[in-house]
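What follows draws every value from the coordinates through simple rules; no lab data is involved. What you are looking at is a predicted structure, and each value in this text was computed from that prediction instead of being measured. All Cβ positions, glycine included, derive from the backbone under ideal geometry; neighbour counts span all protein chains shown.
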Amino acid sequence: MNSKLYKVLFLLFFLTSGAVNAQSQLSKEEVLEMINRANIYWQSNNKPEVRAFWDHAAYHTGNMEAYEVTKNEAYRKYSEDWAGYNKWMGAKSTDKSNWKYKYGETDEHVLFGDWQICFQTYIDLYHLKPEEYKIARAKEVMQYEMSTPNNDYWWWADGLYMVMPVMTKLYKVTGDQKYLDKLYEYFMYANSIMYDKKEKLYYRDAKYVYPKHKSANGKKDFWARGDGWVFAGLAKVLKDLPLTDPHRNEYLTKYRNMAKAIVKSQQAEGYWTRSILDPQHAPGPETSGTAFFTYGLLWGINNGYLKEKNYLPAAQKAWTYLTKTALQPDGKLGYVQPIGEKAIPGQVVDVNSTSNFGVGAFLLAGSEMYRYLSKDAKF
C-alpha cells in the first residue's frame with residue numbers, strides 16, 4: 001500500500017475512533033435522564049398510598065437518593081405522601097408485649113426488620129424538615145428493641161439492608177451510642193449464621209448454608225439479591241458510621257471482601273445471575289441484584305474505599321446492562337426477579353418482570369453513577 005495513502009487511512013481511522021469514543025462517553029445529563037425515565041414511569045403507574053412493608057420501603061430508599069441528585073420536589077412529595085399514609089409507622093401495634101420479630105406481615109410484627117426499613121425514609125425526610133413526629137415511632141421501636149436481651153433480630157440477609165442503616169441514621173440524629181453498640185452485636189450474630197468465610201459472601205439465611213443446601217450443580221448457592229442487600233447495606237452503614245467507631249474496620253473489611261468476590265462472578269454481559277457462583281442454576285440476567293451491586297461498587301469508588309482502576313470496569317459493564325437491556329424506552333425496568341428468597345431454576349425473569357424494590361435499586365445505582373460523573377470523570 002502507498003505510504004501516503006496508509007497515513008491518510010490511519011489518520012481517518014484515528015479521528016473516527018476518537019469521535020466514536022467521544023460519543024460513547026456517558027454524561028451526567030444522560031444518567032439524570034435515565035433516573036427520571038425510570039422514576040417518572042414508576043410513580044405515574046403506582047400510587048404512593050400503599051403499606052410500609054419492605055418492598056415499597058426499599059423503593060423509597062432509592063427514591064430519596066433520586067431526589068437528592070435531581071431535587072425534583074415531586075419525588076420528595078411522593079415519599080412524604082407514602083409516609084403520611086402510613087402515619088410514619090411500620091407495623092402499627094401499640095401492645096409491646098405482643099411485638100414479634102420472626103417473619104410476619106401483620107401489625108404485631110413490629111420488631112421484624114421488613115417493617116423497619118421504612119424508618120430510613122422517614123429519617124431522610126426528617127432531615128429535610130425536622131419535625132419530631134416523623135421519627136418518633138422509629139425511635140420508640142428501636143429503643144424498645146435495644147432494651148431486650150435478644151440479639152438474633154437479623155436472621156436473614158435482607159434484614160441487613162432493611163435495618164442496619166436505620167441504626168446509623170438514628171445514631172446521627174440522637175447521638176445515642178447504644179445504636180452503634182447494638183448494630184455491631186446484631187451484625188455479629190448475622191455473620192455467625194450466614195457468612196461464608198471462604199467465599200466472603202452471605203447465604204440468604206441459615207437454611208441455605210452449604211453443604212446442607214446446594215445449587216442445582218452441587219455448588220454453594222449465594223442468592224444475588226440477598227448479597228446485594230448486604231453489600232448495599234454495608235455501604236449505607238459506612239456512609240453514616242463515625243470514623244472513630246471501634247468496629248468500623250469490621251464493616252469495611254466485610255464490604256471490601258464482598259466487592260472482590262462480587263466482581264469475580266460478574267457475567268460478560270454485565271449482569272449477575274441469580275445464583276452468583278452457579279450461573280447455570282438459574283441462568284440469564286437479573287436486575288435487582290445487579291443494581292444493588294452496581295450501587296455498592298460505585299459508592300465505594302466515589303468515597304475512596306474501592307480503587308477505581310480495579311472496580312470501575314465492573315460498574316461500567318453493569319450500568320450498561322441496566323440501561324441498555326433492563327431499562328426500556330418508556331421507563332419500565334425489566335428482568336427483576338419477583339419477590340422470593342432464592343434463585344429458582346426455571347423461573348421466568350424477562351423484560352416484563354418489574355417490581356418496586358428493583359426500581360429502588362436502580363435509582364440507588366443511578367444516583368451514584370451521577371455522582372461519579374459529577375466529579376468530571378468520564379468513561
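Based on Cα positions only, what radius of gyration and what Dmax would you give for region 207-254, in angstroms?
Just the Cα atoms of region 207-254 yield Rg and Dmax of 14.8, 44 Å.
Restricting things to alpha carbons, find the Rg to Rh ratio for region 162-279 using the Kirkwood radius for Rh. Walk me through the intermediate numbers first.
Values: Rg = 15.3 Å, Rh = 15.1 Å.
For region 162-279, the value is 1.01.
Could you quote the convex hull projected area for region 269-309, Cα atoms only and averaged over all directions, in nm²?
Details: hull surface 13.2 nm².
The Cα convex hull of region 269-309, projected and averaged over all directions, gives 3.3 nm².
Using only alpha carbon pairs under 8 Å that are at least six residues apart, calculate the relative contact order of region 82-162 and give it in whole percent. The partial results should precede the final answer.
Working: 80 pairs, mean separation 22.4, N = 81.
Relative contact order, region 82-162: 28 percent.
Show which lysines lie in cross-link reach of Lys139 when reach means a straight Cα distance below 21 angstrom and same-chain residues fewer than eight apart are skipped.
Straight-line reach from Lys139, under 21 Å: Lys87, Lys92, Lys96, Lys100, Lys102, Lys129, Lys169, Lys172, Lys178, Lys182, Lys236, Lys239.
Let me know the charge dipole size of the chain about its Cα centre in debye, to the nearest 20, where only the beta-carbon of Lys, Arg (+1) and Asp, Glu (-1) is charged.
Values: 49 positive and 42 negative charges, 244 e Å.
Using only the charged Cβ atoms, the result is roughly 1180 debye.
When ranked by the protection proxy of mean other Cβ atoms within 10 Å per residue, highest first, what sequence do the peptides 75-81, 189-195, 207-213, 243-249 form? Show your work: numbers first, answer last.
Values: 75-81: 19.4, 189-195: 17.4, 207-213: 13.9, 243-249: 11.6.
In descending order of packing, they fall as 75-81, 189-195, 207-213, 243-249.
Compute the long axis of helix 28-45 from its Cα atoms, compare it with the longest principal axis of the Cα atoms of the chain, and write down the angle in degrees, 0 to 90, nearest 10.
The two axes meet at around 50 degrees.
For q values of 0.10, 0.22 Å⁻¹, compute log₁₀ I(q)/I(0) with the Debye formula on a Cα-only model of region 55-168, without solvent.
At q = 0.10, 0.22 Å⁻¹ the computed log10 ratios are -0.28, -1.26.
Relative to the Cα centre, what is the charge dipole magnitude of region 244-336, using +1 at the beta carbon of each Lys and Arg, -1 at the beta carbon of each Asp and Glu, and rounding to the nearest 20 debye? Write out the running numbers ahead of the final one.
Details: 11 positive and 7 negative charges, 49 e Å.
Rounded to the nearest 20 debye, it is 240 debye.
Could you give the dipole magnitude of region 96-236 about its Cα centre, charging the beta-carbon of Lys and Arg +1 and that of Asp and Glu -1, in debye to the nearest 20? Numbers along the way, then the final one.
On the way: 22 positive and 19 negative charges, 104 e Å.
In total the dipole reaches around 500 debye.
Evaluate the distance, in nm, between pseudo-label points positioned 7 Å from the Cα of Ser27 and of Asp196 along their respective Cα→Cβ axes.
Those two pseudo-labels are separated by 4.4 nm.
Determine ³J(HN,Hα), in whole Hz, for all residues of region 299-311 in sequence, where each value follows from phi through the Karplus function 6.51 cos²θ - 1.76 cosθ + 1.60 and θ = phi - 60°; x replaces Gly and Pro.
Karplus values, whole Hz, x for Gly and Pro: 4, x, 5, 5, 10, x, 9, 10, 6, 4, 5, 8, 10.
Over 23 Å between C-alpha atoms is what I'm after, so list which of Lys214/Lys264; Lys197/Lys219; Lys71/Lys134 land there.
none
Would you compute the Debye intensity of region 109-207 from its alpha-carbon atoms alone, equal scatterers and no solvent, and pass along log10 I(q)/I(0) at q = 0.14, 0.23 Å⁻¹ to two decimals?
-0.52, -1.20
Sort 230-241, 96-107, 46-57 by packing, meaning the average of other beta carbons within 10 Å per residue, with the highest value first. Could the numbers behind the result be given before it?
Numbers: 230-241: 23.2, 96-107: 13.4, 46-57: 18.2.
Answer by packing, highest mean first, reads 230-241, 46-57, 96-107.
Going by average Cβ density within 10 Å per residue, which order do the peptides 322-331, 271-280, 362-371 take, highest to lowest? Numbers along the way, then the final one.
On the way: 322-331: 17.2, 271-280: 23.1, 362-371: 27.4.
Highest-to-lowest ranking by the protection proxy: 362-371, 271-280, 322-331.
The chain: Rg/Rh from Cα coordinates, Kirkwood Rh?
Across the chain, the Cα-based Rg/Rh ratio is 1.01.
Pulled fully out, how much extra length does the chain show between Asn249 and Asp107, if you take 0.36 nm times their separation in residues and subtract their Cα-Cα distance? All intermediate terms of the calculation are to be shown ahead of the outcome.
Values: separation 142, 0.36 × 142 = 51.12 nm, distance 3.66 nm.
Net length gain for the segment: 47.5 nm.
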